[in-house]
Amino acid sequence: MLFPWGDLVVPSKLFRNIVALPVRLMSFAARSIGAAPFPVRKLHCGSVRTVEGFLRKSCPESCKFNKVGTRGLDLGCGVSPRNPFGAESSFGIDIEEKADPLVYRADLALERIPFDDGFFSFVSAFDFIEHVPRVCCGGDIRYPFVELMNEIYRVLDYDGIFFAKTPAFPFSEAFRDPTHVNIITEQTFPVYFCVGASRPLARSYGFKGGFRLVSQKWWGSAWLLTLLKKETVR
């Protein structure tokens, strides 16, 4: 992928290295004065050509592609729900009423997902997560994004899969839309919502679940694809 500015064409890998340079310089400056350095992470976690290819290649063997009895939920689905995993039945949620009887109306910044616990094998969110506020301060402080991740965890069945496609930092697509109020980075899901060497940091904000990061890749010029698997929390 190339990024043209006027007559200049810069390869995407070089562009990502240029974007990461200020962080590396700040880290060097912090070390030089004896302060704790800024964490420098690899900006580019790998890329894929198609969303479908990413899902097929990344999903664990237990993933029930095109299996009888599976149900999928597409958040912020618009007119009709997407069904990237080929679930036998597919439902959607949108903030507006839709003609499709399988699309339910709900404002997920304020309301719960209107389905029972463990109802879905898959949940997907295409260009949706970035529209869910991180913090609401009217009266009591709430964390709608964390609450939504709790709801996704709740409605997924055992070993359920969550897939998110979202424009992410540091690219302009993550910021330029005035309705993008939740800027995602490569570390947002792994550090705050995944179990591993340490507990998910979002526990401090009320997150009660736990996921395992299956895969994360860049797609196109600015979209981060994230695949999480529900883990049992003890």
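The values are calculated or read from the model by the stated rules, or taken from the named source; none is laboratory data. All of these numbers come straight from a predicted model, not from anything done at the bench. Note that we place each Cβ from the backbone using ideal geometry, even for glycine, and neighbour counts take in every protein chain shown.
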Residue check for residue 143: among the hydroxyl-bearing types (Ser, Thr, Tyr), more than 17 Å from the chain's Cα centre (by Cα) and surrounded by 15 or more Cβ atoms within 10 Å (Cβ to Cβ): no
Residue ranges of strands (runs of 3 or more DSSP E) in segment 79-167 with at least 3 members closer than 25 Å to residue 231 by Cα and modelled with pLDDT of 95 or more: 89-94, 120-126, 156-167
Filter result (buried (at least 20 other Cβ atoms within 10 Å of the Cβ) and out of contact with any Asp or Glu (no Cβ under 8 Å at 6 or more places or on another chain)) within segment 152-175: 152, 153, 156, 160, 161, 162, 163, 164
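Matching residues to (1) outside the structural domain of residue 145 (by TED's automatic domain parsing); (2) touching an Asp or Glu at 6+ places or on another chain (Cβ under 9 Å); (3) hydroxyl-bearing (Ser, Thr, Tyr):
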{"site": "194", "(1), (2), (3)": "no, yes, no"}
{"site": "200", "(1), (2), (3)": "no, no, no"}
{"site": "208", "(1), (2), (3)": "no, no, no"}
{"site": "213", "(1), (2), (3)": "no, no, no"}
{"site": "217", "(1), (2), (3)": "no, no, no"}
{"site": "221", "(1), (2), (3)": "no, yes, yes"}
Residue match in segment 171-185 (condition: in a loop (DSSP other than H, G, I, E, B) and among the hydroxyl-bearing types (Ser, Thr, Tyr)): yes
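Here is a yes/no grid of residues against (1) touching a residue at least 12 places away in the same chain (Cβ under 8 Å); (2) closer than 19 Å to residue 193 by Cβ; (3) not acidic (Asp, Glu):
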residue	(1), (2), (3)
53	no, no, yes
60	yes, yes, yes
68	yes, no, yes
84	yes, no, yes
113	yes, yes, yes
123	yes, yes, yes
126	yes, yes, yes
152	yes, yes, yes
